[in-house]
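This report concerns only the one structure given below.
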Amino acid sequence: MTNNEVVINAAESVVEQPEKKAPIGIFTWICVGWLAINVLVAVLAPLLPIPDPNEMISMPGMGMSFDHLMGTDDLGRDIFGRLAWGSRISLGVGIGSMAIAFGVGGPLGMLAAYRRGKMDVIMSSVMFTFLAFPSIIAIIAVLSFWTPRSLGKIIIVIGISSIPLVYRVMRAAALSAGSKEYVTAARVQGARDRRIIFRELLPNVAPTGLSFLLFGVATVIALEGVLAFLGLSIAPDIAPSWGNMINDARQSLNNVPQNWPLIIFPSAILCLFILALNFVGDRLRSYFDVTEVKL
Amino acid sequence: MSEANNKVVLSVKDLEVTFRKGRQRVSAVAGISFDLYEGETLGLVGESGCGKSTTGRALMQIVPSTGGQIFVDGDELTSLNKDEARNLRRKMQMIFQDPISSLNPRRRVKDIVAEPLDCWKLAKGAERDSIVSDLLNKVGIDPAVYGNRYARQFSGGQCQRISIARSLAMRPRLLICDEVVSALDVSIQAQILNLLEDLKKEYGLTMLFIAHDLAVVKNISDRVAVMYLGKLCEIGPSDTLYAKPAHPYTEFLLGAALEADPELEQSSATLGGEPPSPLNPPSGCRFRTRCPFATEKCAAEEPQLRDIGEGHQVACHFPLVGAHQ
Amino acid sequence: MSQEINSTNQNPAGDLLVVENLTTTFQTARGALPAVGGVSFRLGANEILGVVGESGSGKTVLSRTIMGLQPRTNVEVGGSVLLDGHQIVGATDEDLRDIWGTKVAMIFQDPMTSLNPVTKIGKQIGESLQVRLGMNKAEAKARVIELLTLVGIPSPEERYDAYPTQLSGGMRQRVMIAIALACNPTLLLADEPTTGLDVTIQAQILNLLDELQLKMKMSVILVTHDLGVVATRTDRIIVMYAGRIVEMGTTKEVFRNHKMPYTRALLESTPRVSNPSHTRLQTIPGRPPNLLKLTEGCAFAPRCSRATEKCSQERPTLEPTGVDGHYFACWNPLEDQAAPVSIQTGTIKEIGEDNVRG
Ligand SMILES: Nc1ncnc2c1ncn2[C@@H]1O[C@H](COP(=O)(O)OP(=O)(O)O)[C@@H](O)[C@H]1O
Ligand SMILES: Nc1ncnc2c1ncn2[C@@H]1O[C@H](COP(=O)(O)OP(=O)(O)O)[C@@H](O)[C@H]1O
Ligand code: SF4
Ligand code: SF4
Ligand SMILES: [Mg+2]
Ligand SMILES: [Mg+2]
């Protein structure tokens with residue numbers, strides 16, 4: 001070899017600092033742990049020794065005790081049991097509807113961004129027209145007529161109404177990744193469309209997608225709370241969602257003001273869960289952001 | 001230089017690329033013709049926006065050409081269907097200006113270099129690894145230490161080396177380099193230029209070297225073509241063309257190039273004005289709005305590229321040098 | 001610590017700018033980053049000083065620090081910058097506002113980022129005239145048109161109402177120059193003013209700067225990575241490496257009789273129009289050091305072919321050669337002269353301004 005002088009030597013050392021990212025941080029891990037506990041409880045609720053949410057197992061309005069970790073409500077039902085079972089509904093709505101939204105909006109957005117041209121114009125005009133319409137009104141309208149409301153129906157309605165938003169985010173992410181020279185370079189190597197979408201685009205839009213997914217779940221869980229407040233979520237006696245519990249508590253608190261755990265616990269859990277989701281989502285985004293680590 | 005022989009690898013005939021901008025048409029490349037002989041390096045210079053990159057991209061069919069023909073080893077590229085064209089393009093490779101964005105930041109170096117092998121299913125397993133290691137060694141990157149690193153961990157010069165390794169994986173006949181050293185510091189730029197010279201010899205490459213920097217182009221090219229507003233002004237052996245430019249534009253371009261020497265007299269003749277918009281190019285000679293020698297003939301009649309001897313061609317009604325003896 | 005650098009007697013009127021042991025250190029997540037690590041120099045009135053170095057050598061940080069433009073958080077500036085008697089290091093925003101425009105002005109590499117895209121250029125230039133010089137609207141407009149003419153913008157009355165996006169890169173840089181010169185500064189800092197412009201436009205802008213420097217009797221600091229730009233346009237040059245001055249002197253001395261191996265290496269790795277094609281370029285192995293991990297020794301040592309034991313242990317200080325304010329920082333200075341570049345290219349050298357159309 002003639003160009004010995006260019007063989008990387010100690011002085012040139014490619015990466016003097018091999019990608020030292022800011023550490024993930026203990027707080028993020030706490031949030032992740034908290035999210036994991038919630039998900040586990042929701043998934044494993046039937047197997048765990050969790051009190052039945054609808055059974056009046058004890059005196060109403062009991063304080064916290066070993067038997068009833070968070071006390072009982074005004075009908076003598078175990079609050080912890082109701083919260084744990086309720087997480088199945090709340091998380092189900094959040095994750096289920098986002099699965100629909102990402103399952104449809106994600107691929108469409110990426111395809112539109114990659115292909116551009118007519119396909120993009122047509123899909124984007126449809127999607128952006130829907131985006132212009134306030135989706136909360138559509139959701140309320142559909143849910144007030146489509147009765148009886150079940151978990152599945154709520155997931156479908158929220159999921160479909162979120163498709164345009166996910167489409168827009170994923171399309172924007174893929175557009176920016178797709179305009180990079182490495183996509184052109186891959187084409188020059190002879191890579192076909194599918195390979196480019198999976199090898200070049202997907203890894204670069206995945207972090208954006210993942211963090212947006214977490215924000216989406218958080219938003220939908222909060223939205224379900226709002227729907228419950230309006231009496232538009234699943235009827236509380238089938239299974240209580242967190243939102244339903246807060247709504248119930250608000251009404252019963254008027255009668256029994258000292259029964260504060262009834263409103264404190266569901267609100268706190270809901271808040272903490274959403275906060276943790278948002279925080280982890282944000283941290284993920286910066287963790288995977290390649291440009292932020294580059295010196 | 002003597003390495004070039006008379007076998008034509010790439011022949012471009014009246015290549016045209018027109019972009020549509022709403023109702024308007026940008027005539028980015030307006031009918032250019034040239035041949036590339038086996039083993040030579042042809043430099044393509046001109047100011048930004050004159051259509052250099054578009055020419056390179058049209059040759060690779062990254063942007064569709066709207067007119068003319070491209071012959072690669074005698075096969076016409078633009079008339080082929082998608083799959084045939086993809087096959088023929090295996091003989092050609094391109095390296096881009098921005099070294100960092102040319103590499104996917106989320107892929108490992110050895111996968112990036114192996115990309116063409118994977119696309120064409122040419123090698124697998126140990127064979128693939130050994131080809132990749134060999135290529136990385138050739139460009140001066142230790143595969144054992146850096147092969148598993150992500151592209152984002154490298155500096156501009158190193159990214160450009162990786163791009164070069166990738167482009168050589170298919171053993172191309174023709175390498176198109178689009179401003180490959182423009183984003184690099186001089187000391188790194190010299191490393192890459194030397195590397196390209198060495199690899200060109202080793203792999204018997206034919207190169208189209210696109211750049212705006214006259215000194216860089218002179219350094220690496222056997223012949224140089226000068227472009228202005230989508231047209232070729234002049235083409236010829238680099239030493240002749242730089243010593244005796246025949247087109248007024250080349251003359252001004254050379255006069256404006258700054259030599260790193262305080263005692264060298266700089267040309268006092270600077271070119272005024274700016275290139276007109278390709279949306280609405282001047283009639284006749286496209287340089288006439290800035291040319292001090294322009295006459296009515298220049299506005300009325302488009303000068304064609306014509307031979308003035310010694311392989312030197314110029315498109316000007318009133319060239320600065322007559323026919324070479 | 002601070003070393004006294006005596007300026008030569010090129011500027012009997014006294015020094016316009018005296019920079020002493022200037023340091024600019026950024027506090028980053030990975031530690032202190034000394035972007036400028038102890039720089040001292042003087043600049044006389046009407047002098048054109050070039051600052052060259054590869055990217056990351058601290059040229060931009062140096063010029064912004066001289067201008068007093070560093071943000072107040074995460075940056076530590078030490079040493080002193082005396083501009084015509086005004087101390088810039090540690091000056092309050094109010095002090096700086098008095099100096100900016102009238103004493104010192106700056107033009108940047110990318111004019112688009114420093115021009116407001118939604119304001120007409122006439123208004124942007126006129127603003128400082130009205131605020132700083134207390135002109136009324138009509139006076140300001142007249143002066144703006146005068147300035148636009150001065151910087152060579154064709155049909156200035158029409159361009160007065162243009163937005164920055166409607167102008168080409170070269171025209172925008174002319175507008176930036178007009179803004180910088182609006183209040184007659186005594187020092188103009190030009191940070192890579194022609195990088196990214198085409199050669200013919202670069203030549204126009206550099207000629208314009210030359211012309212204006214004479215006309216307005218100002219000093220200019222021309223910052224660039226391009227040795228070609230400083231070669232014929234400056235009186236003196238400073239070569240920077242890793243945040244420090246490694247060589248300084250009259251342009252001719254530095255190009256011909258440089259002592260520092262880095263200066264030589266930089267010159268030899270620059271491709272030249274006058275060299276025959278396929279001239280093998282000298283290369284500098286490796287790349288510039290990581291400023292977070294600077295050692296005690298000479299920052300160039302890992303790449304230097306003349307490096308000795310001493311080089312990696314002790315940092316060389318700027319020493320005079322005895323010639324005409326020429327200083328260098330090296331333990332093993334070069335002894336020989338650099339070979340002159342020969343061969344002229346081209347044939348028309350005598351086209352006058354008048355047969356070149358605008
Ligand atoms: N994809 C495109 N769409 C529209 N116009 C384009 C496109 N690519 C290039 N152009 C235009 O074509 C002309 C030539 O561009 P380019 O080939 O990039 O020039 P160069 O590489 O010489 O700087 C320019 O006027 C540019 O604006
Ligand atoms: N705001 C900042 N924060 C941290 N580091 C900086 C900042 N600005 C510049 N630097 C660093 O200072 C060094 C010198 O930069 P700069 O002056 O821009 O170099 P040049 O202009 O010579 O290319 C570089 O290593 C750069 O990363
Ligand atoms: S043809 Fe006429 S206008 Fe064009 S370059 Fe020649 S002399 Fe100038
Ligand atoms: S001090 Fe030593 S390492 Fe530094 S430039 Fe001089 S010889 Fe080279
Ligand atoms: Mg280009
Ligand atoms: Mg800079």
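The values are calculated or read from the model by the stated rules, or taken from the named source; none is laboratory data. Since we're looking at a predicted model, the values are computed, not measured. In this analysis, Cβ positions are derived from the backbone assuming ideal geometry, glycine residues included, and neighbour counts consider all displayed protein chains. Areas reflect the complete protein model, heavy atoms only, side chains present, ligands, DNA and RNA absent. Shrake-Rupley method; radii C 1.70, N 1.55, O 1.52, S 1.80 Å.
Just name the residue that is nearest to the other protein chains (Cβ to nearest Cβ) out of those in region B:11-49 that are part of a loop (DSSP other than H, G, I, E, B) and either touching a helix residue (DSSP H, G or I) at 6+ places or on another chain (Cβ under 7 Å) or open to solvent by 10 Å² or more (accessible area, probe 1.4 Å) (or both).
Residue satisfying both the conditions and the ranking: B:Glu47.
Being within 14 Å of chain A (Cβ to nearest Cβ) and crowded, with 22+ Cβ neighbours inside 10 Å is the filter here; which residues of region B:58-71 pass it?
Within region B:58-71, B:Ala58, B:Leu59 meet the criteria.
Hey, among C:Val51, C:Val61, C:Val77, which residue is open to solvent by 50 Å² or more (accessible area, probe 1.4 Å) and either within 13 Å of ligand 6 (Cβ to nearest atom) or under 22 Å from C:Gly101 (Cβ atoms) (or both)?
Result: C:Val77 is the single residue among C:Val51, C:Val61, C:Val77 that is open to solvent by 50 Å² or more (accessible area, probe 1.4 Å) and either within 13 Å of ligand 6 (Cβ to nearest atom) or under 22 Å from C:Gly101 (Cβ atoms) (or both).
Return only the number of the condition from (1) surrounded by 24 or more Cβ atoms within 10 Å (Cβ to Cβ); (2) under 18 Å from the mean Cα position of the chain (by Cα); (3) in a loop (DSSP other than H, G, I, E, B) that B:Phe209 does not satisfy.
(3)
Tell me yes or no: at least one residue of region B:170-185 is in a helix (DSSP H, G or I) and crowded, with 23+ Cβ neighbours inside 10 Å.
no
Return yes when C:Leu206 is open to solvent by less than 10 Å² (accessible area, probe 1.4 Å) and free of Cβ contacts under 8 Å to residues at least 60 places away in the same chain and no when it is not.
yes
If you scan region C:171-198, which residues turn out to be more than 21 Å from C:Pro156 (Cβ to Cβ), within 14 Å of chain B (Cβ to nearest Cβ) and surrounded by 23 or more Cβ atoms within 10 Å (Cβ to Cβ)?
Answer for region C:171-198, where residues must be more than 21 Å from C:Pro156 (Cβ to Cβ), within 14 Å of chain B (Cβ to nearest Cβ) and surrounded by 23 or more Cβ atoms within 10 Å (Cβ to Cβ): C:Thr194, C:Asp198.
Please count how many residues of region B:90-119 are open to solvent by less than 40 Å² (accessible area, probe 1.4 Å) and farther than 19 Å from B:Lys200 by Cβ.
Let us first name the residues in region B:90-119 that are open to solvent by less than 40 Å² (accessible area, probe 1.4 Å), namely B:92-96, B:99, B:101-105, B:107, B:109, B:112-119.
Within this subset, residues satisfying the condition of being farther than 19 Å from B:Lys200 by Cβ are B:101-105, B:107, B:109, B:112, B:114-115, B:117-119.
The qualifying residues number 13.
If we keep just the residues of region B:232-256 that are part of a loop (DSSP other than H, G, I, E, B) and surrounded by 24 or more Cβ atoms within 10 Å (Cβ to Cβ), which is farthest from the other protein chains (Cβ to nearest Cβ)?
Restricting to residues being part of a loop (DSSP other than H, G, I, E, B) and surrounded by 24 or more Cβ atoms within 10 Å (Cβ to Cβ), the top hit is B:His247.
Yes or no, residue by residue, for (1) at the interface with another protein chain (Cβ under 9 Å from one of its Cβ atoms); (2) in contact with a Phe, Trp or Tyr (Cβ under 7 Å, 6 or more places away or on another chain); (3) among the basic types (Lys, Arg):
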| site | (1), (2), (3) |
| --- | --- |
| B:Ser167 | yes, no, no |
| B:Cys177 | no, yes, no |
| B:Ala190 | yes, no, no |
| B:Glu197 | yes, no, no |
| B:Tyr203 | no, no, no |
| B:Phe209 | no, no, no |
| B:Ala215 | yes, no, no |
| B:Ser221 | yes, yes, no |
| B:Leu229 | no, no, no |
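Considering only region B:134-155, I want to know if a residue exists there that is of a type in the set (Phe, Trp, Tyr) and open to solvent by 30 Å² or more (accessible area, probe 1.4 Å).
yes
This table checks each residue for (1) open to solvent by 20 Å² or more (accessible area, probe 1.4 Å); (2) within 12 Å of chain B (Cβ to nearest Cβ).
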| residue | (1), (2) |
| --- | --- |
| A:Ala173 | no, no |
| A:Arg187 | yes, yes |
| A:Ala191 | no, yes |
| A:Leu210 | yes, no |
| A:Ala218 | no, no |
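Sort out which residues of region A:115-140 are of a type in the set (Gly, Ala, Ser) and at pLDDT below 90, and write them in order of number.
Those that are of a type in the set (Gly, Ala, Ser) and at pLDDT below 90: A:Gly117, A:Ala132, A:Ser135, A:Ala138.
Quick one: in region B:91-106, of everything that is part of a loop (DSSP other than H, G, I, E, B) and more than 7 Å from chain A (Cβ to nearest Cβ), which residue is nearest to A:Asp289 (Cα to Cα)?
Of everything passing the filter in region B:91-106, B:Ile100 is nearest to A:Asp289 (Cα to Cα).
Looking only at region B:258-277, count how many residues are touching a Leu at 6+ places or on another chain (Cβ under 6 Å) and either open to solvent by 20 Å² or more (accessible area, probe 1.4 Å) or more than 7 Å from every other protein chain (Cβ to nearest Cβ) (or both).
Quick first cut of region B:258-277, residues touching a Leu at 6+ places or on another chain (Cβ under 6 Å) only: B:260, B:275.
Subset that is either open to solvent by 20 Å² or more (accessible area, probe 1.4 Å) or more than 7 Å from every other protein chain (Cβ to nearest Cβ) (or both): B:275.
Number of matching residues: 1.
Please work out which residue is nearest to ligand 2 (Cβ to nearest atom), limiting yourself to region B:296-325 and to residues that are part of a loop (DSSP other than H, G, I, E, B) and within 13 Å of chain C (Cβ to nearest Cβ).
Here the residue is B:Leu320.
Show the residue pairs meeting these rules: Cβ distance below 6 Å; 6+ apart or different chains; first residue within region B:33-50 and within 16 Å of ligand 4 (Cβ to nearest atom); second residue assigned to a loop (DSSP other than H, G, I, E, B).
As it stands, the answer is none, since no pair meets every condition given.
Is it fair to say B:Val217 is under 30 Å from B:Pro303 (Cβ atoms), at pLDDT 95 or above and assigned to a helix (DSSP H, G or I)?
Yes: the conditions hold for B:Val217.
Any residue that is closer than 24 Å to A:Arg168 by Cα and open to solvent by 70 Å² or more (accessible area, probe 1.4 Å) - is there at least one of those in region A:71-92?
Scanning region A:71-92 turns up no residue that is closer than 24 Å to A:Arg168 by Cα and open to solvent by 70 Å² or more (accessible area, probe 1.4 Å).
Within the bounds of region C:218-233, is there any residue that is more than 10 Å from chain B (Cβ to nearest Cβ) and of a type in the set (Asp, Glu)?
Checked region C:218-233: no residue is more than 10 Å from chain B (Cβ to nearest Cβ) and of a type in the set (Asp, Glu).
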